[in-house]
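Throughout, read-outs are computed from the coordinates displayed, never taken from laboratory work. Predicted, not measured: the structure shown is a model, and the values here were computed from it. We place every Cβ from the backbone using ideal geometry, glycine too, and count neighbours over all the protein chains shown.
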């Protein structure tokens, strides 16, 4: 490899991929060198000097999609594989890249198309008296599709946890041991711990893995009234973090029981969202009353100093966030996938309410299929026409 003046830069290998046998489906020439930042920049500059241009963000994967080497779900899984924050997330992304998610959707769409073909036949050929013959069959098929879709949605929700992680915010009055709890969850000293209230004045983030699920633990300033300007700004940030949390760990001092300041903390929490009450400092003798569990809220007793109860807390964290380690294999779904699946589910539910009105039933089935097709980026009306004439011998 030489620069534009003919000076040698590196020695390597040139590999030619003839279309369509390349990642993009186009003719591709790949150069491999010895690497190194300086050498790579020199080789890249030589290509640019020779008339090449830099690829845009995701351009190779975009070309692969446009050339039908990948569908949209597979194309997005390339970025998910690169950005995977855990081994489980990487495995899930690779399965999607290899077509597992798409194959699941294609199989579902094939059954949905067959059902649509049956319903459309009833509409287009009423004289054949297929309505009475197939009404129960339509109802049974629709119920089966709804059950299958609910499984896909659950798998997608599990995958969202692998992809995006769980945002866990530690909240409580000052000096209840939030920073010590963060250190215990992280397995190392990440937050400064002192006996002085108000030590934490800004949100401190730490990423950890629990059973392969990324957990973003956020230690926040203790909630209280303060005249200190820096601490007050930290408390404002705490409120913002609480509004965005998936799970809030409300930390109490078990040795002192529930105090008036704790009531103020509870009042400052958002009205919705998942909470876990953590009774910290169980290694200390109790000097006042216990904390009464809130109805419907999990309560865990721990010692951030000794580590007692931390494994139980980790289990509750995953459970409250919706993670099921023993459920179906996760699909590394993106938010748009989940929204499309939710719309499809809503249309199938609507179809189930229209079994007596075939026109409305057919429309809900069409909208459900359109929603699924947004994920893979395919399906045309011609496909449905082909299904109708291939599966039915009307008028025979």
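Some observations on this one:
- Most tightly packed first, judged by the mean number of other beta-carbon atoms within 10 Å of their residues, the peptides 41-52, 301-312, 155-166 read 155-166, 301-312, 41-52.
- Between residue 240 and residue 359, full extension at 0.36 nm per residue minus the direct alpha carbon distance yields a gain of 38.0 nm.
- Modelled this way, with points 7 Å down the Cα-to-C-beta line, the labels at residue 286 and residue 343 are 5.3 nm from one another.
- Residue exposure sequence - 217, 39 - by fewest surrounding Cβ within 10 Å: 39, 217
- The orientation-averaged projection of the convex hull spanning the C-alpha atoms of region 1-69 amounts to 5.1 square nanometres.
- Fewest-first ordering of 259, 122 by other beta carbons within 10 Å of each residue's beta carbon gives 259, 122.
- Calculated FRET efficiency for the pair residue 211/residue 1, C-beta based, R₀ 56 Å, to 0.05: 0.75
- Proxy reagent accessibility, fewest Cβ within 10 Å first, across 23, 65: 23, 65
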